[in-house]
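Down below is the structure, laid out as structure tokens.
Computed from the coordinates by the stated procedures, all read-outs in this text should not be read as laboratory data. Worth saying up front: this structure is predicted, and the values here are computed from it rather than measured. Quick reminder, even Gly has a Cβ in these numbers, built from the backbone with ideal geometry, and neighbours come from all protein chains shown.
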Number of protein chains: 2
Amino acid sequence: MDKFGLYGKFTAKPENRDMLAAILMEAASSMEAVEGCELYTINLSDTELDSVYVYEVWTDKDAHEASLSLEAVQSLILQAKPLITGMERISTFKQVWGKGLPGQPV
Amino acid sequence: MDKFGLYGKFTAKPENRDMLAAILMEAASSMEAVEGCELYTINLSDTELDSVYVYEVWTDKDAHEASLSLEAVQSLILQAKPLITGMERISTFKQVWGKGLPGQPV
């Protein structure tokens with residue numbers, strides 16, 4: 001079955017961007033215990049000082065859906081909400097392969 | 001030192017998209033031997049049938065620059081060129097952390 005991927009953008013006031021990134025890093029940490037989550041990276045743009053990009057790879061779409069109701073995720077969403085001025089799901093992927101994905105010969 | 005990341009989009013005629021993805025998968029395979037390359041994933045969009053997205057994470061910017069002159073990379077670029085109708089570097093990241101990055105506690 002093909003992996004499922006997501007690429008999204010969060011925006012905040014520039015003075016809150018690093019605080020938002022720190023919360024998203026906590027989300028990435030909490031994903032360590034979530035089996036279906038293979039990659040969850042927090043990316044700070046070179047040029048956009050108000051933006052944080054999140055790249056996610058999941059074993060499948062269901063694994064991603066299930067994660068949204070986890071208590072740890074819900075509490076981080078509540079923490080982050082006041083800082084977020086915008087959210088944009090830039091791309092979703094039905095298939096993801098490549099170097100660095102666990103357990104997957106390229 | 002912070003990792004360096006890239007997110008780019010390649011477009012091809014819809015009938016050539018999978019062929020282009022296959023060449024980019026070869027590039028991902030060749031990155032297995034490239035130490036500075038930590039992640040190189042090929043992503044097929046759910047909605048854009050002419051597009052392939054590549055997400056890359058490098059130990060630093062220099063490692064990425066150096067990879068562009070590798071023989072394997074040069075020959076894959078030559079193979080892919082006739083299929084590519086457009087290229088867009090969507091984001092570059094000065095810092096990348098998260099779950100799934102080798103050797104990096106979140």
Of the residues in the range A:64-87, those that are of a type in the set (Gly, Ala, Ser) and surrounded by fewer than 19 Cβ atoms within 10 Å (Cβ to Cβ) come to A:66, A:69, A:72, A:75, A:86
All conditions in (1) touching a Ser or Thr at 6+ places or on another chain (Cβ under 9 Å); (2) more than 22 Å from residue B:90 (Cα to Cα) are true of residue A:27 except (1)
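Condition check: more than 8 Å from chain B (Cβ to nearest Cβ) and part of a helix (DSSP H, G or I). Does residue A:75 satisfy that?
yes
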The lone condition residue B:73 fails out of (1) in contact (Cβ under 8 Å) with a residue 12 or more places away in the chain; (2) under 13 Å from residue A:97 (Cα atoms) is (2)
Of the listed residues (B:42, B:77, B:90, B:84), the one being β-branched (Val, Ile, Thr) and out of contact with any strand residue (DSSP E or B) (no Cβ under 8 Å at 6 or more places or on another chain) is B:77
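Residues are listed down the side, and each one gets a yes or a no for (1) more than 17 Å from residue A:72 (Cα to Cα); (2) out of contact with any Phe, Trp or Tyr (no Cβ under 9 Å at 6 or more places or on another chain):
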{"residue": "A:5", "(1), (2)": "yes, no"}
{"residue": "A:8", "(1), (2)": "yes, no"}
{"residue": "A:11", "(1), (2)": "yes, yes"}
{"residue": "A:16", "(1), (2)": "yes, yes"}
{"residue": "A:21", "(1), (2)": "no, no"}
{"residue": "A:26", "(1), (2)": "no, yes"}
{"residue": "A:37", "(1), (2)": "no, no"}
{"residue": "A:47", "(1), (2)": "yes, yes"}
{"residue": "A:50", "(1), (2)": "yes, yes"}
Within the range A:48-70, the count of residues that are more than 19 Å from residue B:97 (Cβ to Cβ) and either of a type outside the set (A, V, I, L, M) or assigned to a strand (DSSP E or B) (or both) comes to 7
Checked against (1) closer than 24 Å to residue A:49 by Cβ; (2) surrounded by fewer than 14 Cβ atoms within 10 Å (Cβ to Cβ); (3) in contact (Cβ under 8 Å) with a residue 60 or more places away in the chain, residue B:90 satisfies every condition except (2)
Note on the range A:25-63: residues crowded, with 16+ Cβ neighbours inside 10 Å, of a type in the set (S, T, N, Q) and more than 7 Å from chain B (Cβ to nearest Cβ) are A:30, A:51, A:59
